[in-house]
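For reference, the structure discussed in these notes is given below.
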Amino acid sequence: MIHITLPDGSQRDFPGPVTVAEVAASIGAGLAKAALAGKVDGKVVDTGFRIEQDSRLSIVTARDADGLEVLRHSTAHLLAYAVKELFPEAQVTIGPVIENGFYYDFAYKRPFTPEDLAAIERRMAELAARDEPVTRRVLPRDEAVAYFNGLGEHYKAEIIASIPAGEDVSLYREGGFEDLCRGPHVPSTGKLKFFKLMKVAGAYWRGDHRNEMLQRIYGTAWATKDELQQYLTMLEEAEKRDHRKLGRELDLFHLDEHSPGTVFWHPKGWAVWQEVEQYMRRVYRDNGYQEVKGPQLLDAGLWEKTGHWDKYRENMFTTESEKRDYALKPMNCPGHILIYKQGIKSYRDLPLRYGEFGACHRNEPTGGLHGIMRVRAFTQDDGHIFCTEDQIQSECVAYTTLLQKVYKDFGFTEIIYKLATRPEQRIGSDESWDKAENALAQGLRASGCDFEISPGEGAFYGPKIEYTLKDALGRQWQCGTMQVDPNMPERLDAEYVGEDGSRHRPIMLHRAIVGSLERFIGMLIEHHAGALPAWMAPVQVSVLNITDAQAQYARDVAKTLKNQGLRVSLDLRNEKITYKIREHSMQKLPYILVVGDKEKAAGAVAVRARGNADLGAMSLDAFAQKIADDIANKR
């Protein structure tokens with residue numbers, strides 16, 4: 001007798017081995033129809049998996065995260081099936097699940113066209129409609145290599161040949177297509193209904209630029225038609241909000257091949273940058289941080305001590321002078337330790353908080369660059385806290401509270417908190433890991449945060465908290481971090497004198513709130529669709545005259561507002577006022593002030609707010625107070 005324990009704690013007994021599908025059928029016909037896979041003792045398996053001993057089982061459906069992953073993985077195979085039917089000479093390589101979808105890489109004699117993509121998607125729908133069963137079989141490695149070589153699938157054979165000799169491999173078949181895969185997969189192609197192919201891109205075989213270029217077809221798949229449509233609508237909106245497009249339209253910045261991966265900030269874009277940086281500078285000042293500045297170029301010997309030279313050298317820009325090797329810093333932490341080490345530190349000095357707007361350089365591959373979101377030269381709002389183990393929790397509470405306020409001021413109200421815990425390969429005692437993980441967890445609880453655990457995702461030297469933002473489109477952006485690091489102070493011999501008079505190692509807390517300022521400004525542009533709040537807007541007010549008779553009055557209005565610290569533009573062109581209003585509205589300005597004879601005579605301004613809202617006439621003092629309130633309250 002085999003006992004199956006279900007998620008609600010109930011049990012079902014079977015006289016012998018039983019498949020996941022049979023257990024689902026015993027519960028109900030509806031569940032049997034909805035079942036995509038099963039989770040047996042924590043492992044996701046096919047519905048055809050035979051359970052041969054007492055086990056815990058949950059039936060996986062499209063409503064579950066595991067079910068959505070199975071759907072997407074199976075849709076990747078459906079894509080390969082369709083390509084092989086339409087283009088028999090194409091060779092299939094790999095096709096994993098990615099965020100919101102999947103891709104599959106193909107080797108084919110010519111580039112796939114948009115018309116090919118449409119034809120492939122239609123054939124996928126036809127294959128899904130056949131509702132062909134998806135079945136699994138196992139072959140010895142060498143037999144599988146010979147099998148795929150016989151099919152002319154040499155890339156697939158190469159993958160299998162890299163598996164250790166003597167091992168078995170699993171293959172999945174649907175109709176006339178069979179593929180190497182660990183699985184699991186849906187029970188039949190009829191489960192795959194809501195998908196769309198998105199684009200074709202180039203990709204090197206096995207990600208190595210020395211290998212041949214393949215064609216990568218990206219797609220997305222969802223559990224329901226509504227979810228698919230919502231995702232496609234979100235992508236359309238994201239395209240409208242693309243920071244690269246808005247950066248051009250609003251004249252904020254540009255990127256240039258004369259310096260790949262770096263940003264050329266225009267006056268308006270630099271005004272936004274300065275608002276973000278000066279705001280964060282006030283945050284440092286008001287919360288016990290001392291601002292420091294480290295050099296850009298550091299001796300290779302320092303990077304050897306920290307471990308970066310061996311593990312990260314390919315991503316570092318290096319140079320040589322007088323037979324010494326140097327590197328442009330990819331991060332600020334070693335420099336902060338060198339500052340910390342100047343002079344003897346006492347336990348009374350801790351916690352010691354350093355902050356720096358540190359310019360960093362990383363040699364990102366050209367293919368990975370993306371607007372100002374992924375660049376080679378960037379500036380971080382980098383902070384490091386030197387403290388004792390007993391101070392980790394209180395520093396975590398203070399940092400989390402501060403971070404929540406900062407994100408709210410920038411317009412982000414949803415934060416996801418994750419605690420990444422010890423990996424298998426790590427340094428330090430279990431006692432120190434227990435203490436650090438507990439301090440971070442208690443710090444989050446004390447800050448009123450619900451959080452997820454990411455088991456094994458911490459660094460080899462310490463746990464960390466990741467703070468992820470949700471933007472206006474529901475996209476997630478990992479920004480803030482709080483990382484416990486006893487390792488770098490040890491490597492660089494940082495110390496403090498304890499209450500007992502002896503030398504101790506401080507704990508180093510790596511923390512950033514916005515992270516890369518370039519990336520964060522890109523996020524802000526997309527989150528606000530270019531319509532930045534008044535306090536951040538590159539131009540806060542534009543003053544427009546109707547005729548030349550009000551030109552001097554318009555100048556006086558602009559000058560008065562500028563003297564109050566506002567960023568003001570003045571448009572005295574001999575154009576129709578409707579044209580000027582429309583043009584300035586396209587720049588997404590918070591306020592447009594129109595002055596005609598009536599306003600001039602009354603010493604007033606006609607106020608138009610963003611979104612074409614007519615607020616009517618008001619005195620200049622009243623308007624100045626209104627925008628001052630907007631700025632002060634971060635509206």
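The values are calculated or read from the model by the stated rules, or taken from the named source; none is laboratory data. Values in this document were obtained by computation on a predicted structure and should not be read as measured data. Note that we place each Cβ from the backbone using ideal geometry, even for glycine, and neighbour counts take in every protein chain shown. These accessible areas exclude ligands, DNA and RNA; they are computed on the full protein's heavy atoms, side chains included. Shrake-Rupley method; radii C 1.70, N 1.55, O 1.52, S 1.80 Å.
Report the one residue of Met213, His185, Leu246 whose Cα lies farthest in the direction of the positive end of the charge dipole of segment 114-260 (charges on C-beta: Lys and Arg +1, Asp and Glu -1; origin at the Cα centre).
The residue sitting most towards the positive pole is His185.
Chymotrypsin sites (Phe, Trp or Tyr not before Pro) within segment 57-122: which are DSSP loop residues with at most 16 other Cβ atoms inside 10 Å? Walk me through the intermediate numbers first.
Numbers: sites: Tyr81, Phe102, Tyr103, Tyr104, Phe106, Tyr108, Phe112; in loops: Tyr108, Phe112.
Those that pass, being in a loop and sparsely packed, are Tyr108.
By its C-alpha gyration tensor, with a ≥ b ≥ c as the square roots of the eigenvalues, how is segment 394-519 shaped: rounded for a/c under 1.5, else prolate for a/b larger than b/c, else oblate? Mind dumping the intermediate values first?
Working: a/c = 2.03, a/b = 1.75, b/c = 1.17.
Verdict is prolate for segment 394-519.
About its Cα centre, how strong a charge dipole does the chain have in debye, to the nearest 20, once Lys and Arg get +1 and Asp and Glu get -1 at the Cβ? Mind showing how you got there, number by number?
Numbers: 82 positive and 91 negative charges, 370 e Å.
Roughly 1780 debye, rounded to the nearest 20.
Normalised by the number of residues in segment 223-360, what is the relative contact order in percent for Cα pairs under 8 Å and 6+ residues apart?
Working: 102 pairs, mean separation 28.2, N = 138.
Result for segment 223-360 is 20 percent.
By how many nm would the segment from Glu583 to Arg63 lengthen if fully extended, with 0.36 nm per residue of separation less the alpha-carbon distance?
Working: separation 520, 0.36 × 520 = 187.20 nm, distance 4.71 nm.
So the chain would gain 182.5 nm between Glu583 and Arg63.
For segment 29-102 and segment 469-531, what is the centre-to-centre distance using only Cα atoms, to the nearest Å?
Centre-to-centre distance over Cα atoms comes out at 37 Å.
Only one of the values (i) 77, 57, 48; (ii) 78, 59, 45; (iii) 92, 74, 60 was calculated from this structure for Cα extents along the principal axes in Å; name its label.
(iii)
Can you compute the helix-only [θ] at 222 nm over the chain? Use -39500 (n - 2.57) per DSSP H run of at least 4 residues, normalise by all residues, nearest 500 deg cm²/dmol. Working shown, then result.
Details: 20 runs with 226 residues, N = 635.
The per-residue figure over the chain is -11000 deg cm²/dmol.
What whole-number value in cubic angstrom gives the convex hull volume per residue for the C-alpha atoms of segment 251-362?
Values: hull volume 15.7 nm³, N = 112.
Normalising the Cα hull of segment 251-362 by residue number yields 141 Å³.
List, in order, the whole-Hz ³J(HN,Hα) value for each residue of segment 607-613 obtained from phi through the Karplus relation with A = 6.51, B = -1.76, C = 1.60 and θ = phi - 60°; use x for Gly and Pro.
Here the 3J(HN,Hα) series is 9, 10, 9, 3, x, 6, 8 Hz.
In nm, to one decimal, how far is the Glu431 label point from the Leu297 one, both placed 7 Å along Cα→Cβ?
My value for the distance between the label points is 4.7 nm.
How much length is gained on full extension from Phe264 to Ser162, taking 0.36 nm per residue of separation minus their Cα-Cα distance?
Details: separation 102, 0.36 × 102 = 36.72 nm, distance 4.56 nm.
In short, 32.2 nm is gained.
Pull out a ≥ b ≥ c, the square roots of the eigenvalues of the alpha-carbon gyration tensor of segment 168-228, then state rounded if a/c is under 1.5, prolate if not and a/b is larger than b/c, and oblate in the remaining case.
Details: a/c = 2.73, a/b = 1.26, b/c = 2.17.
Taking the square roots of the gyration eigenvalues as a ≥ b ≥ c, segment 168-228 is oblate.
Take peptides 292-303, 508-519, 613-624 and line them up by average Cβ neighbours within 10 Å, highest first, as a rough protection proxy. Don't skip to the answer; put the middle values down first.
Working: 292-303: 15.5, 508-519: 23.1, 613-624: 14.0.
Result, highest mean Cβ count within 10 Å first: 508-519, 292-303, 613-624.
In what sequence, largest accessible area first, do Arg241, Arg50, Arg505 appear using a 1.4 Å probe? Write down the numbers at each step before the final one.
Numbers: Arg241 35, Arg50 125, Arg505 85 Å².
Per-residue accessible area, sorted high to low, gives Arg50, Arg505, Arg241.
Quote the relative contact order of segment 378-484 in percent (integer), defining contacts as alpha-carbon pairs under 8 Å separated by 6+ residues.
Working: 156 pairs, mean separation 34.2, N = 107.
Averaging sequence separation for qualifying contacts and normalising by length gives 32 percent for segment 378-484.
Over the heavy atoms of Leu444, what accessible area does a 1.4 Å probe trace out, to the nearest 10 Å²?
0 Å²
Pull out the extension gain between Gln564 and Glu314, defined as 0.36 nm times the separation in residues minus the alpha carbon to alpha carbon distance; nm, one decimal.
Length difference between fully extended and current span is 85.1 nm.
Pop the C-beta distance of Arg130 and Tyr417 into the FRET formula with R0 = 35 Å and round what comes out to the nearest 0.05.
The value I calculate is 0.20.
Exceeding 24 Å between C-alpha atoms, which entries from my cross-link table qualify? They are Lys43/Lys311; Lys39/Lys470; Lys43/Lys191; Lys562/Lys626; Lys268/Lys588; Lys559/Lys580. Could you put the intermediate results ahead of the total?
Details: Lys43/Lys311 33 Å; Lys39/Lys470 30 Å; Lys43/Lys191 21 Å; Lys562/Lys626 15 Å; Lys268/Lys588 12 Å; Lys559/Lys580 20 Å.
Correct reply: Lys43/Lys311; Lys39/Lys470.
Using Cα-Cα distances under 8 Å and only pairs 6 or more residues apart, what relative contact order does the chain have, in percent?
Working: 1161 pairs, mean separation 54.3, N = 635.
Value for the chain: 9 percent.
So which aspartates and glutamates can Lys323 reach, going by Cα to Cα under 18 Å and dropping same-chain residues fewer than 8 places off?
Within reach: Asp299, Glu304.
Considering only protein heavy atoms, with the full assembly of protein chains and a 1.4 angstrom probe, order Tyr461, Tyr155 by accessible area, largest first. List each step's numbers first, then the result.
Working: Tyr461 50, Tyr155 30 Å².
Most to least solvent-accessible, the answer reads Tyr461, Tyr155.
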